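Below: the structure, in structure tokens.
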Amino acid sequence: MTHKAKELATHLYEETKKQFPEIAFSYIQPHPEQARRFWIKVRASMNEDRRAQMREFVADRATDILIADGYSFAVMVEQS
């Protein structure tokens with residue numbers, strides 16, 4: 001993972017954490033088949049509606065990052 005990718009992932013996580021304080025960072029995993037794509041894994045206890053809200057929030061910001069910087073991110077919840 002490049003320094004830039006880590007910086008972008010950290011910023012995206014921090015923005016998401018502000019809106020969804022119940023999440024806790026786990027790790028960042030590179031996509032196994034796609035270069036410049038990463039999964040930000042978080043732990044949380046969330047119902048499906050809350051997850052959908054978070055997916056929408058992340059999708060908007062991740063699209064901006066993809067257009068501006070060419071990196072693709074997704075925040076993925078692992079139930080805690």
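Observations on the structure shown:
Quick grid of which residues meet (1) farther than 15 Å from MET76 by Cβ; (2) among the polar types (S, T, N, Q); (3) within 13 Å of the chain's Cα centre (by Cα):
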site	(1), (2), (3)
LYS4	yes, no, no
TYR13	no, no, yes
GLN19	yes, yes, yes
ALA24	no, no, yes
ILE28	no, no, yes
GLU33	yes, no, no
ILE40	no, no, yes
ASP49	yes, no, no
GLU56	no, no, yes
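- ARG37 vs. criteria in contact with an Asp or Glu (Cβ under 8 Å, 6 or more places away or on another chain) and at pLDDT 95 or above: no
- For the range 2-12, the set of residues classified as exposed (fewer than 14 other Cβ atoms within 10 Å of the Cβ) and not in a loop (DSSP other than H, G, I, E, B) consists of HIS3, LYS4, LYS6, GLU7, THR10, HIS11, listed by residue number.
- Hey, GLU22 out of contact with any Ser or Thr (no Cβ under 9 Å at 6 or more places or on another chain), surrounded by fewer than 16 Cβ atoms within 10 Å (Cβ to Cβ) and among the acidic types (Asp, Glu) or not: no
- Applying the criterion of being out of contact with any strand residue (DSSP E or B) (no Cβ under 6 Å at 6 or more places or on another chain) and in contact (Cβ under 8 Å) with a residue 24 or more places away in the chain to the residues of the range 66-80, the residue that is surrounded by the most Cβ atoms within 10 Å (Cβ to Cβ) is TYR71.
The values are calculated or read from the model by the stated rules, or taken from the named source; none is laboratory data. Predicted, not measured: the structure shown is a model, and the values here were computed from it. Using ideal geometry, Cβ is built from the backbone for each residue, glycine included, and neighbour counts are taken over all protein chains shown.
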